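The structure appears right after this line, and notes come after that.
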Amino acid sequence: QVQLVESGGGLVQPGGSLRLSCTASGADFAMLALGWYRQAPGKQRELVGSIITRGATNYGDSVKGRFTISRDNAKGVMYLQMNNLRPEDTAVYYCHHYASGSWGQGTQVTVSS
C-alpha cells in the first residue's frame, strides 16, 4: 500500500504563490502515476492535475497556466507549484496514487486578503 503525505498548505493573499509537496512511501516512487485533487466546501473533489512516471503532465482547465506539477524521483516527492492564486482556489488539496487508489490526508489552502 502506498502512503501519501501532503504538506505546504496555508493562508496566502490573492495573486500569491504556494508550493505543496506530496511525499510517497511504500513503493518505487519513480513508477508511480500520481495526481493532485482539491475539494472546496460544498463541492465535489476535482482534478487539479496529474503526472505520469516519465514526467508528462496534464491539468484541469481552471489551473492551466498557473499551476505546475513536478516530481523528484530521488527524493520521492511530487510538487504542486501554485502561482497567481485566486480566492476560488481555496480548498483542501489531496495527492492520489492511481494504481492503488490511495489518498493523502490533505492540506488546506486558503486564498484570502
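Taking the stretch 52-75 and a reference point 7 angstrom along Cα→Cβ of Asn84, the backbone N atoms nearer than 16 Å belong to 59-69. In the full protein context, the chain carries 51 Å² of accessible surface per residue, based on a 1.4 Å probe and ignoring ligands, DNA and RNA. Considering only protein heavy atoms and a 1.4 Å probe, what is the carbon-and-sulfur percentage of the accessible area of the chain? Answer for the chain is 48 percent, counting heavy atoms of protein chains only.
Compared with the direct C-alpha span, the chain from Asp72 to Ser112 gains 11.4 nm at full extension, assuming 0.36 nm per residue. Classified by the C-alpha gyration tensor, the stretch 66-113 has an oblate form. Its axis ratio a/c, with a ≥ b ≥ c, is 1.5 or above, and a/b does not exceed b/c. Counted by Cβ distance under 15 Å from Ser102, the other residues give a net charge of -1, where Lys and Arg count +1 and Asp and Glu count -1. Between the C-alpha center of the stretch 1-75 and that of the stretch 96-113 there is a gap of 7 Å.
Just checking the listed ones, Arg54, Arg19, Arg86: in the Gaussian network model of the chain with Cα springs under 10 Å, the one fluctuating most is Arg54.
The values are calculated or read from the model by the stated rules, or taken from the named source; none is laboratory data. From a predicted model like this one, the values you see are computed outputs, not experimental measurements. Because the Cβ atoms are built from the backbone with ideal geometry, glycine has one as well, and the counts that use them run over all protein chains shown. Surface areas here come from the heavy atoms of the whole protein model, side chains and all, with no ligands, DNA or RNA. Shrake-Rupley method; radii C 1.70, N 1.55, O 1.52, S 1.80 Å.
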